[in-house]
Amino acid sequence: MKPVRFSHVSVDTIEEAVMILADPQRDARVIAGGQSLMPMLNFRLASPSLLVDLNGIGDLAGISRQETGLRIGAMTRTRDIELSPVVAEHQPLLAAAVPYIAHVPIRNRGTIGGSLSHADPAAEFPALALALDATLTLHGPRAVRQVPAAAFFQGVFETALQPGEILTRIDFPLWPADRRFAFQEYSRRRGDFAIVGVAFWADVRDGLCEACRVVAFGVSDRPVRLSQVEDVLIGRVPGDPEALASAADVMRGSLEPDNDLQASADYRCMLAGELLQRAVRSATEAA
Ligand code: FAD
């Protein structure tokens with residue numbers, strides 16, 4: 001199908017973008033890499049009158065090490081994150097997961113900000129932002145505000161972004177050097193959206209899990225942190241088969257996915273439990 005007719009404006013500054021977006025008369029929408037938005041326009045799932053193109057705002061792209069962690073501009077391409085030695089060193093879980101996103105041509109255009117703003121419940125970046133305690137900076141017509149990833153995702157394609165706001169950067173806190181991690185997902189073909197995925201990290205002291213994070217995606221209307229599963233693993237030897245079996249049981253019991261054309265709810269729960277066990281084992285073995 002073809003999209004409804006629309007106009008396009010390329011902007012050079014965040015302020016210009018925000019000013020246009022905040023004007024309700026203009027019915028404007030941001031375009032970043034276009035990898036999700038263009039299909040939506042073509043299927044007429046969205047029909048804005050004006051696209052505000054962020055690709056000319058140089059300040060919005062880039063990866064930098066800060067004192068407080070890692071900063072990634074919203075317009076940074078997925079492929080640049082995948083290939084960045086700075087990301088590999090300072091956010092290795094992010095680096096491990098990015099190759100699962102779509103295919104190289106899509107990663108060449110798609111941006112981290114576009115993926116987070118789009119908030120597909122089966123997408124990797126939202127789950128990683130939650131697993132890594134990222135903070136998202138939103139620029140609006142009147143204020144700039146910081147929103148933790150845990151409060152940003154509010155449903156299928158629903159976020160905390162208010163009309164007129166754009167996501168400008170994502171900050172990830174410092175990553176401890178000896179943190180263990182793994183990322184697991186299952187999709188029908190490599191590059192497809194995940195049916196279910198799990199991001200996991202653990203801090204281990206004297207052989208016991210001191211702190212950990214379990215986030216699953218593809219199992220709800222947004223990525224979900226599973227604190228009950230984390231509680232089972234904390235204080236135990238992470239790869240211990242009994243601890244793992246209990247954690248997987250709790251995982252299966254905590255999720256309430258819907259049945260859909262891709263998979264039944266039971267199948268998603270079963271997959272989530274299996275992927276959790278694989279992730280914990282893989283993190284433990286890698287260490
Ligand atoms: P766009 O398509 O330009 O925008 C997406 C939405 O976000 C729009 O509503 C837009 O208005 C809004 N937006 C964009 N940037 C901002 C911003 N800075 N502030 C506020 N709003 C903004 N993704 C995955 O995660 N996993 C996959 O396996 C996967 N497979 C794919 C397979 C195919 C065939 C295709 C076409 C896409 C796939 N994607 C997948 C999606 C891809 O990763 C997209 O690039 C990404 O979701 C959107 O990024 P974008 O920069 O292209 O955003």
What ranking do Ser115, Ser227, Ser282 get, fewest neighbouring Cβ atoms within 10 angstrom at the top? Ser227, Ser282, Ser115
What list of ³J(HN,Hα) couplings, whole Hz, do you get for the stretch 72-86 from phi and the Karplus terms 6.51, -1.76, 1.60, once you set θ to phi - 60° and write x for glycine and proline? 10, x, 4, 8, 5, 6, 4, 5, 5, 5, 4, 9, 7, x, 5
GNM of the chain, Cα pairs under 10 angstrom: of Thr111, Thr78, Thr159, the biggest fluctuation goes to Thr159
Please find the FRET efficiency linking Glu15 to Glu256, where r is the Cβ-Cβ separation and R0 is fixed at 51 Å, and quote it to the nearest 0.05. 0.75
Only sites in a loop by DSSP and with at most 11 other Cβ atoms within 10 Å count here; which trypsin sites (Lys or Arg not before Pro) in the stretch 68-162 make the cut? Arg142
The simple spin-label model distance between Thr68 and Phe43, using points 7 Å out along Cα→Cβ, in nm, is 3.7 nm
Only loop residues by DSSP count here, and only those with at most 14 other Cβ atoms within 10 Å; note down the trypsin sites (Lys or Arg not before Pro) in the stretch 1-69 that meet that. Arg5, Arg44
The stretch 54-119 versus the stretch 136-169: alpha-carbon centroid distance in Å: 17 Å
Positive-end residue of Ile170, Ala182, Ile195, charge dipole of the stretch 164-224 with Cβ unit charges: Ile195
Give me the number: length gained by fully extending Asp27 to Val104, i.e. 0.36 nm times residue separation minus the C-alpha to C-alpha distance, one decimal in nm. 24.5 nm
Return the FRET efficiency for the residue pair Arg142, Arg190: r is the Cβ-Cβ distance, R0 is 35 Å, and the value is rounded to the nearest 0.05. 0.20
Applied in sequence order to the stretch 124-135, the curve 6.51 cos²θ - 1.76 cosθ + 1.60 (Karplus, θ = phi - 60°) yields integer Hz couplings, x standing for Gly and Pro, of 6, 4, x, 5, 5, 4, 5, 5, 9, 6, 5, 10
Which loop trypsin sites (Lys or Arg not before Pro) in the stretch 179-213, with loop taken from DSSP, have no more than 16 other Cβ atoms within 10 angstrom of their Cβ? Arg188, Arg189, Arg190
Helix-only [θ] at 222 nm, the chain, -39500 (n - 2.57) per DSSP H run of 4+, per residue, nearest 500, equals -9500 deg cm²/dmol
Tilt relative to the chain, helix 241-254 - C-alpha long axis, 0 to 90 degrees, to 10: 40 degrees
In whole angstrom, and with the biggest value first, how far do the Cα coordinates of the chain range along each principal axis? 59, 45, 32
Alpha-carbon centroids, the stretch 189-250 and the stretch 1-49: separation in whole Å: 38 Å
Under 5 Å between amide H atoms, partner at least 5 residues away or on a different chain: which partners does Ile31 have, H built in plane at 1.01 Å? Val52, Asp53, Leu54
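FYI, it's all coordinate maths here, none of it is from the lab. Predicted, not measured: the structure shown is a model, and the values here were computed from it. Every residue, glycine as well, gets a Cβ built from its backbone with ideal geometry; the counts of neighbours run over all protein chains shown.
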